[in-house]
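Colleague: Dropping the structure in here first, questions after.
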Amino acid sequence: MTINKIEQNDFSNRRKTLMSHNMDGATIIAAGHNSPRNHDVNHQFRQQSDFWYFTGFEEPDAVMVLLPNDTKPYVMFTTPFDQTFAIWNGPMEGIEGIQNDYGVDAAYSIKELTHKLPELLKGYTKLYFSIGLDPILDQVISNIVTSRRSGAARDGNYITNIIDPKQTIDNMRLLKSQNEINLLKTAIDITTDGFNKALNFTKPGKFEYEIQAELEKEFRKAGSVRNGYPSIVASGNNSCVLHYTNNNSELKNGDLLLIDAGAEMDYYTADITRTWPINGNFTDLQKDIYSIVLEAQIKAINDVKPEATIDSINKTTVTTLTDGLIQIGLLTGNTEKLVEEKAYRKYYMHGTSHWLGIDVHDAGVYSKNNSFTKLKPGMVLTVEPGLYFSKYIDELPQEMKGIGIRIEDNILVTKTGNINLSQKIPKEIDEIEPLIGILS
Ligand code: GLY
Ligand code: MN
Ligand code: MN
């Protein structure tokens, strides 16, 4: 398994590309901050995705400034080294570390931001900055704009334009480089090992969190330090709960288990779902419903190719699911009309695909000005149809209640079509059943 890292060279090229789009202004992007969990304990810190994409720097409370017209265009504000902090909490880069290892042209203490940033921005009338993400930085920028407006208004040399760089950044992130694809492949391969173990350990009487432990043990053993998102390990009716993360129910004989999980590898995440019977054998009804979802998923994956759109893939999916819902007696009427009316929404209430990368729901628009983003080689997306028959839908036949099925793969768009990067995780009924419970 090749583990590639995004290198300083990649970060530097990304900054150059961003500056080439934003030559007429300064760009500012903030790092994330710690967020309190309870009392004096923080949530595990994970860098803000855009900031990491351009810097590779993993500490909180930093600010990146790009100044394309300056001799020192790459500036970073960060927390100075603090011996006590390092003794209690671990290593930190400080000003020296960021200067030596991250290719910055100038580094300052974050405490100097309010008086140093106005100096750096002198001479720039345009600012590329996403307002509304960081209230403290919003206030700093607002103060600079106000004071320059009143102080320099007579020569017109003040910030007259603040432009959101988000769409430029999103467009960059949407097309993956070979290094990024390699990292996604590694994250997906690690996730594959986890799913196989989870299948092998599934057995009635175990708890969802025990299966989660087996799954995530494989992630950690293979070098993934965290998940891309909290694992969903959902049995019985929990499989119908789209955002289920309690993972604390006992696995019951006769129920299904749905797992939606992804290992993160150097900031790139997998996002895979499989569903299987807890006792190793699908019932006839579970088989019928599973087969509908699988057919929809395989047809949708076949549609992934250059020029297709997330909307066209979704249309294929909902048409197949609607046909299936007619077959099992939950919908009646003409497929096309039912699709138009979105009659399937009661049992399939999410979209079929999203972009995948540094964020599980990765950067990039699905449509703009009524025109859908066309797939191009190098884009990565999920295909994840499902059917969810929640026990809270009163009118459902009793035997269908509690059946929730989703099948999700991660697909790379290529020149001629696509590669299913998660195809090694079994999803055909006769491939899955023999693997269930063999290690439990
Ligand atoms: N795991 C979140 C999703 O499938 O979109
Ligand atoms: Mn997904
Ligand atoms: Mn998912």
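The values are calculated or read from the model by the stated rules, or taken from the named source; none is laboratory data. Remember, predicted model here, so these are calculated numbers, not experimental data. Neighbour counts are summed over all protein chains in view; Cβ atoms, including those assigned to glycine, are modelled from backbone coordinates with ideal geometry. Ligands, DNA and RNA are stripped out before the accessible areas are found, and what is left, the full protein with its side chains, is counted by its heavy atoms. Shrake-Rupley method; radii C 1.70, N 1.55, O 1.52, S 1.80 Å.
Colleague: How about region 421-431: which of its residues are under 21 Å from the mean Cα position of the chain (by Cα), within 16 Å of ligand 1 (Cβ to nearest atom) and open to solvent by 20 Å² or more (accessible area, probe 1.4 Å)?
Modeller: Leu421
Colleague: Hey, could you check region 336-362 for residues that are within 11 Å of ligand 2 (Cβ to nearest atom) and small (Gly, Ala, Ser) and say which is nearest to Lys176 (Cα to Cα)?
Modeller: Filtering first and then ranking leaves Ser353.
Colleague: What are the pairs, 6+ residues apart or on separate chains, where a residue within region 397-413 that is within 16 Å of ligand 1 (Cβ to nearest atom) has its Cβ under 6 Å from a residue that is of a type in the set (Phe, Trp, Tyr)?
Modeller: Hits for this filter: Gly404/Tyr388; Ile405/Tyr290.
Colleague: Spot the failing condition for His361; the list is (1) within 16 Å of ligand 1 (Cβ to nearest atom); (2) touching a residue at least 24 places away in the same chain (Cβ under 8 Å); (3) assigned to a loop (DSSP other than H, G, I, E, B), and only one is missed.
Modeller: All conditions pass for His361, except number (2).
Colleague: Another question, then. Give me the pairs, please: first residue somewhere in region 260-278 and over 12 Å from Phe195 (Cα atoms) and open to solvent by less than 10 Å² (accessible area, probe 1.4 Å), second residue anywhere and of a type in the set (Lys, Arg) and within 13 Å of ligand 3 (Cβ to nearest atom), beta-carbon distance under 6 Å, and either six or more positions apart or on two chains.
Modeller: So the pair list comes out empty.
Colleague: I'd like to verify a number: residues in region 215-235 that are polar (S, T, N, Q), within 12 Å of ligand 1 (Cβ to nearest atom) and more than 14 Å from Val360 (Cβ to Cβ), how many?
Modeller: Matching residues across region 215-235 total 0.
Colleague: Additional query: State which residue is nearest to Leu356 (Cα to Cα) when the search covers only region 204-226 and only residues that are open to solvent by 30 Å² or more (accessible area, probe 1.4 Å) and under 18 Å from the mean Cα position of the chain (by Cα).
Modeller: Selected residue: Arg226.
Colleague: Same structure again: Search region 256-290 for residues being within 11 Å of ligand 1 (Cβ to nearest atom) and among the acidic types (Asp, Glu), and hand back the single one that is nearest to Ser239 (Cα to Cα).
Modeller: Ranking the candidates gives Asp260 first.
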